[in-house]
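Colleague: Structure provided below as structure tokens; questions to follow.
The values are calculated or read from the model by the stated rules, or taken from the named source; none is laboratory data. Small disclaimer: the values here were computed from a predicted structure and weren't measured. Quick reminder, even Gly has a Cβ in these numbers, built from the backbone with ideal geometry, and neighbours come from all protein chains shown.
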Amino acid sequence: MSNAPLAYGIDFGTSNSLISVAWPDRVEVIDVGSRRVRENLPSVIYLNADGNRAAGDQAVEQYLVSAGVNSRLLVGVKNDLSDPNLLQTSSWDMEWTLSDLVEIILRGLKRAADAATGYSVDRVVLGCPVAFVGTEGPDHEEWQQLAVARLKKAAKQAGFVEIDVLEEPAAAVQEEDLLSGIVVSLDFGGGTFDVAVVEYEPDGADVIALAGADIGGEMFDQLLFIAKVAPELGLDQVYEGPDGIQRRLPARIAANSRSMLDLRGLLNEPRLREILQRFRTYRGGEKLERLERLLYGGFAYQFYESVEAAKILLSSEVDAVIEFHREGFDVTIPVTRSEFDGLIAAPLAQVMATITAALEDAGVEPQNVTRVIRTGGSSSIPAFVEQVSALFGASKMQKREPFTTVVRGLAVHAQGVWG
């Protein structure tokens, strides 16, 4: 038997992306050298007018070095894959389709894996959510297929020849050792929540139901920003002009400041700076100095990371602080877990409804489930854990490694396809 790798598994995520190797006798997740979690390549893309491209931490570093001059930093591209109206993006007389952008991340992952294995591997299993962001509704199948097709095209452009696709929650249970029974896989990531109901029997396992919702950790970051950060930046304040008339900033400014994903469109608005400068002359307008610094200071990516970091801390602590300091920009904002739980109550109710829908589709009662597997960065949120435990029973709950379980499962699946 050859000792060469059989294939790779790629988990292309909203926030982070990972790659694994399917060897004939084992599975390995590649260390891509990222700053925060070594295996996680941030799903961030850098474009420059000179033709330079980069992904991950390198993308952020190059963008900061360029100070945003003749360069762009793109995040959340996975969320755009199902949008039939978004065909391409343009800058400097150059155009990129969504597949072109995803290719930059997939090629970076492939390059890291090829370097680690010493082989140029052209087979891959791609993970995909049960429901890409934006696919809910009557056109679900059409937009879901569009997203998958764009993802597969990006993989071909990145150098893969043989491509298979597997739903992410199904990948999360590939390494389960259950002989018989029902397993419910809950994959709660940055952009989507996915459920798989899997029936295990001695002769194999079958996925008997799948369900998904476009709810994830990035939505929770935005809710935290709206409630706690927006007031500190003057986004929801009433300003009084020299004529005595009270005014608010245009609603689109607050709506498009909630995340880096939203910010990218706002920064392309030609009159934005003029509007902010005018409002800064109004009574109370000095508060907008921090908003201007956030928009044009070159540190927006790191700031939104600090919002996410506070959210993550609330999974283990009862309070946290959104804290960030740069010249002309200082924020120290306390937040409690109870506040956060209140902010996410409505989307969590949708998540629980998605689980119920999957169980009903499978014809399975919660008490008949043998094991519940939690994966994904948002799966440790205490309110989520409590509600799922109440539904199935705490004794059935099993947490898997939040980031690498899916990508390992993709490689296990690859062993079955090409082994």
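Colleague: Say whether the condition of being in contact with an Asp or Glu (Cβ under 8 Å, 6 or more places away or on another chain), among the aliphatic types (A, V, I, L, M) and surrounded by fewer than 19 Cβ atoms within 10 Å (Cβ to Cβ) is met by at least one residue in the range 394-414.
Modeller: no
Colleague: Let me ask you something else. In the list 224, 235, which residue meets the criterion of being in a helix (DSSP H, G or I), surrounded by 20 or more Cβ atoms within 10 Å (Cβ to Cβ), at pLDDT 90 or above and assigned by TED's automatic domain parsing to the domain that holds residue 355?
Modeller: Details: 235 fails: in a helix (DSSP H, G or I).
Exactly one of 224, 235 is in a helix (DSSP H, G or I), surrounded by 20 or more Cβ atoms within 10 Å (Cβ to Cβ), at pLDDT 90 or above and assigned by TED's automatic domain parsing to the domain that holds residue 355, namely 224.
Colleague: If you go through the range 82-102, how many residues are free of Cβ contacts under 8 Å to residues at least 60 places away in the same chain, in contact with a strand residue (DSSP E or B) (Cβ under 9 Å, 6 or more places away or on another chain) and part of a helix (DSSP H, G or I)?
Modeller: Within the range 82-102, residues that are free of Cβ contacts under 8 Å to residues at least 60 places away in the same chain, in contact with a strand residue (DSSP E or B) (Cβ under 9 Å, 6 or more places away or on another chain) and part of a helix (DSSP H, G or I) number 3.
Colleague: Can residue 372 be described as at pLDDT 95 or above, on the phi < 0 side of the Ramachandran plot, surrounded by 18 or more Cβ atoms within 10 Å (Cβ to Cβ) and not in a helix (DSSP H, G or I)? Steps first, please.
Modeller: Working: at pLDDT 95 or above: yes; on the phi < 0 side of the Ramachandran plot: yes; surrounded by 18 or more Cβ atoms within 10 Å (Cβ to Cβ): yes; not in a helix (DSSP H, G or I): yes.
So residue 372 fits the description; yes.
Colleague: Can you tell me how many residues in the range 248-282 are in a loop (DSSP other than H, G, I, E, B) and of a type in the set (Gly, Ala, Ser)? If you could, list the steps in order and put the result at the bottom.
Modeller: So the first thing to find is which residues in the range 248-282 are in a loop (DSSP other than H, G, I, E, B), and the list is 248-250, 256-259, 267-271, 281-282.
With of a type in the set (Gly, Ala, Ser) added as a condition, the list becomes 257, 259.
The number of residues fulfilling the criteria is 2.
Colleague: Sticking with this one: For the subset of the range 170-213 comprising residues that are crowded, with 21+ Cβ neighbours inside 10 Å and assigned to a loop (DSSP other than H, G, I, E, B), which member is farthest from the chain's Cα centre (by Cα)?
Modeller: 174
Colleague: In the range 261-290, which residues are surrounded by 18 or more Cβ atoms within 10 Å (Cβ to Cβ), of a type outside the set (D, E, K, R) and in contact with a helix residue (DSSP H, G or I) (Cβ under 8 Å, 6 or more places away or on another chain)?
Modeller: 261, 263, 272, 276, 279, 285, 288
Colleague: Residue check: is residue 283 more than 27 Å from the chain's Cα centre (by Cα) and under 19 Å from residue 70 (Cβ atoms)? Working first, answer last.
Modeller: Details: more than 27 Å from the chain's Cα centre (by Cα): yes; under 19 Å from residue 70 (Cβ atoms): no.
Here the answer is no, as residue 283 does not meet what is asked.
Colleague: Among what's in the range 44-81 and is small (Gly, Ala, Ser) and part of a helix (DSSP H, G or I), pick the residue that is surrounded by the most Cβ atoms within 10 Å (Cβ to Cβ).
Modeller: First, pick out the residues of the range 44-81 that are small (Gly, Ala, Ser): 49, 51, 54-56, 59, 66-68, 71, 76.
Adding the requirement that they be part of a helix (DSSP H, G or I) leaves 59, 66.
Numbers: 59: 27, 66: 18.
The qualifying residue surrounded by the most Cβ atoms within 10 Å (Cβ to Cβ) is 59.
Colleague: In the range 1-57, which residues are under 16 Å from residue 305 (Cβ atoms), in contact with a strand residue (DSSP E or B) (Cβ under 8 Å, 6 or more places away or on another chain) and among the β-branched types (Val, Ile, Thr)?
Modeller: Within the range 1-57, 37, 44 meet the criteria.
Colleague: Among residues belonging to the range 284-304 that are at pLDDT 85 or above and part of a loop (DSSP other than H, G, I, E, B), point out the one that is nearest to residue 238 (Cα to Cα).
Modeller: Only one residue tops the list, namely 284.
Colleague: Quick one: count up the residues across the range 109-147 that are touching a strand residue (DSSP E or B) at 6+ places or on another chain (Cβ under 6 Å) and crowded, with 19+ Cβ neighbours inside 10 Å.
Modeller: Number of matching residues: 11.
Colleague: If you take the residues of the range 303-330 that are closer than 19 Å to residue 262 by Cβ and in contact (Cβ under 8 Å) with a residue 60 or more places away in the chain, which of them is surrounded by the fewest Cβ atoms within 10 Å (Cβ to Cβ)?
Modeller: Taking the candidates together, the pick is 308.
Colleague: Now, a different point. Name the pairs whose Cβ atoms lie under 7 Å apart, with the first residue in the range 341-363 and of a type in the set (D, E, K, R), the second part of a helix (DSSP H, G or I) and modelled with pLDDT of 95 or more, and 6 or more positions between them or separate chains?
Modeller: These pairs meet every condition: 341/383.
Colleague: Given the residues 273, 278, 258, which is the only one that is within 25 Å of residue 60 (Cα to Cα), basic (Lys, Arg) and more than 27 Å from the chain's Cα centre (by Cα)?
Modeller: Details: 278 fails: within 25 Å of residue 60 (Cα to Cα); 258 fails: more than 27 Å from the chain's Cα centre (by Cα).
None of the other options fit; the residue is 273.
Colleague: Consider only pairs whose beta carbons are under 9 Å apart and that are at least six residues apart or on different chains; among these, list those whose first residue lies in the range 189-206 and is in contact (Cβ under 8 Å) with a residue 60 or more places away in the chain and whose second residue is among the aromatic types (Phe, Trp, Tyr).
Modeller: Correct list of pairs: 191/132; 192/132; 194/188.
Colleague: Out of the range 375-401, which residues are out of contact with any strand residue (DSSP E or B) (no Cβ under 6 Å at 6 or more places or on another chain) and either among the aromatic types (Phe, Trp, Tyr) or part of a loop (DSSP other than H, G, I, E, B) (or both)? Lay out the reasoning, then the answer.
Modeller: So in the range 375-401, the residues out of contact with any strand residue (DSSP E or B) (no Cβ under 6 Å at 6 or more places or on another chain) come out as 377, 380-388, 390-391, 393-395, 401.
Of everything in the range 375-401, those that are out of contact with any strand residue (DSSP E or B) (no Cβ under 6 Å at 6 or more places or on another chain) and either among the aromatic types (Phe, Trp, Tyr) or part of a loop (DSSP other than H, G, I, E, B) (or both) turn out to be 377, 380, 381, 384, 393, 401.
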